[in-house]
Amino acid sequence: MLVYMEANNDLRYDALNSINMMEKGAGALDGTLLVYIKTNSANSYLLKIKADADVNRIVSDTVKVFNSSNPSDAQFLHNVVQYAQAEFPAQSYGLILWSHATSWAPPSGQLKTFSFGEDSGKEMDIIDLKNALPDNLEFLIFDACSMGGVEVLYEFKDKAKYIIASPTETLSESFPYQNIVPLLFQTPDHLSDVGQAYYNYYNAYTDDRRSATVVLIKTSELADLASQMKTLMLSHKKYGDALISAGVQRLDYTANFPVPNYDFGDFLTHNFEAADLNGINQALGKVILYKAATPSFLGVPIRKFSGLTSYIPYQGDKNLTYYKKLQWYTNAGLSVLFDQ
C-alpha cells in the first residue's frame, strides 16, 4: 500500500502527524506500507513505515530521496507509483491520495486550482490524475476534500475495484490511521470497517469536529448507475431544460468552494418523479457498500445524505466546457440538455 502525501502546503504538520499515526498502527502488517511525502520544494521522500508507538518522532526507513519536481505533477506521481510497485511487488495494491482537493473543479483565475494535491498553489487536473494512475489497484482512498462526487468516482472507475472518499470536505486531522492501517491489509470485506472507523472517530467528538461524511463504493457498478441516469435524462429531459438546484442539499461547506456539491439522491428527488427513480435507486444501492454522515458538518445540519454528491450544470455555466470533458457528462446523459 502506498500513501501519496502532497503536503508542500499548510497541511505539512498534519501530514507528519498522519505518518506518526501510521507507525502507531503498523504492528504485524501482512504487507508493506509505503509513504511518499513532500513537505517542501527541495526534496521529497519515499518511506517504508515501521511500527513505533512514540507519536512524537518518525522512525520509518527512507527508501528513496527524490529531487525537486514540478508542483503537483501527474507524471511524477505516475513515476512514484510505478517505482513503488516495481520495488515492492505484491499480490494486491492499494493507494491513498492525501492532500487538499476541490472535487473535479477546473482551472479558474490566476491561481491554478484543479482538483487534487496542492503544491505551491497548483493542483492536478482530475483527468491528468486519473491517467497517471495504474489500473491494478484493489482500492483507492481519497484522504482529501470532496472527492465523493459521482463525477470524480466515475472518472476513476477503471483504476480500482473499490474507492473510499468523502462527499464533503475532510478535516485536516485526516483519517485515523492508528485505527485503519491494520484493516487496509485485510480482505476487501474489511473496507467497510475502514469507513466506519473514520466515521466513528469524528462522530465521537462533541464540538464542531463532529464533522465527517464517508462512502465506500464498488466501481464495477458505476456503469449501470450511469446507464440508469441516462435513461432518466432521455425519457424526461430535453435540450435547454434547466435542472433544479434550489432546495437541494448542499454538501460543500468551505466558503467560496470552486464548484457546488449537491447530494445526489436529493438532486434526483427534486428533478424527477418518485415513481421514475426505482431503477436508479436500485443501481445506487449496488454502488454504495457503506455510507455514513454525522448529523451536521461544521455546525450546519446535514438533512439529506445519499452517499454521493453531484454537480448541477446549467446553461451559461462558466464550468460547463470543462464539465463536458468528464465521462459522467456523456455516459449519464447530461449532454441531452446542452448539446444538439
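Those residues that are among the basic types (Lys, Arg) and either at pLDDT below 90 or part of a loop (DSSP other than H, G, I, E, B) (or both), I need them from segment 4-29; list them, please. Explain how you work it out, then say what you get.
Filtering segment 4-29 down to residues among the basic types (Lys, Arg) leaves 12, 24.
Once the filter is applied, which keeps residues that are among the basic types (Lys, Arg) and either at pLDDT below 90 or part of a loop (DSSP other than H, G, I, E, B) (or both), segment 4-29 yields only 12.
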When segment 217-258 is checked residue by residue, the ones that are at pLDDT below 95 and closer than 18 Å to residue 307 by Cα are 252, 253
Residues satisfying the stated conditions in segment 260-283, i.e. within 25 Å of residue 209 (Cβ to Cβ) and either in contact with a helix residue (DSSP H, G or I) (Cβ under 8 Å, 6 or more places away or on another chain) or part of a loop (DSSP other than H, G, I, E, B) (or both) = 260, 261
Inter-residue pairs, beta-carbon under 7 Å, first more than 17 Å from residue 144 (Cβ to Cβ) and in segment 18-43, second polar (S, T, N, Q) and in a strand (DSSP E or B), 6+ apart = 43/67
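If you check 265, 316, 279, 285, which single one turns out to be without any contact (Cβ under 8 Å) to a residue 12 or more places away in the chain and either under 30 Å from residue 189 (Cα atoms) or in contact with a strand residue (DSSP E or B) (Cβ under 8 Å, 6 or more places away or on another chain) (or both)?
285
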Please give the number of the condition residue 134 fails out of (1) part of a loop (DSSP other than H, G, I, E, B); (2) over 17 Å from the mean Cα position of the chain (by Cα); (3) modelled with pLDDT of 95 or more.
-> (2)
First in segment 185-214 and closer than 21 Å to residue 90 by Cβ, second anywhere and among the β-branched types (Val, Ile, Thr) and crowded, with 19+ Cβ neighbours inside 10 Å, Cβ under 9 Å, 6 or more apart = 191/141; 191/164; 193/180; 194/141; 194/164; 194/180; 194/214
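May I ask you to list the residues in segment 77-102 that are crowded, with 17+ Cβ neighbours inside 10 Å and modelled with pLDDT of 90 or more?
In the first step, residues of segment 77-102 are kept if they are crowded, with 17+ Cβ neighbours inside 10 Å; the result is 77, 80-81, 83-85, 88, 93-102.
Result: 77, 80, 81, 83, 84, 85, 88, 93, 94, 95, 96, 97.
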Any residue at all in segment 15-35 that is among the small types (Gly, Ala, Ser) and farther than 20 Å from residue 95 by Cβ?
-> yes
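How many of the residues making up segment 154-181 are more than 15 Å from the chain's Cα centre (by Cα) and modelled with pLDDT of 95 or more? If you could, list the steps in order and put the result at the bottom.
From segment 154-181, those more than 15 Å from the chain's Cα centre (by Cα) are 173, 176-181; that's our starting set.
Restricting the remaining residues to those that are modelled with pLDDT of 95 or more gives 176-181.
Of the residues in that region, 6 qualify.
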Determine which single condition residue 294 fails, assuming it passes every other condition in (1) crowded, with 16+ Cβ neighbours inside 10 Å; (2) within 20 Å of residue 332 (Cα to Cα); (3) of a type in the set (Val, Ile, Thr).
-> (2)
Could you tell me whether residue 221 is part of a helix (DSSP H, G or I), touching a helix residue (DSSP H, G or I) at 6+ places or on another chain (Cβ under 8 Å), among the charged types (D, E, K, R) and surrounded by 20 or more Cβ atoms within 10 Å (Cβ to Cβ)?
-> no
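The values are calculated or read from the model by the stated rules, or taken from the named source; none is laboratory data. Quantities reported herein were computed from a predicted structural model and do not represent experimental measurements. When we count neighbours, we look across all protein chains shown, and the Cβ atoms used for this are built from the backbone with ideal geometry, even at glycine.
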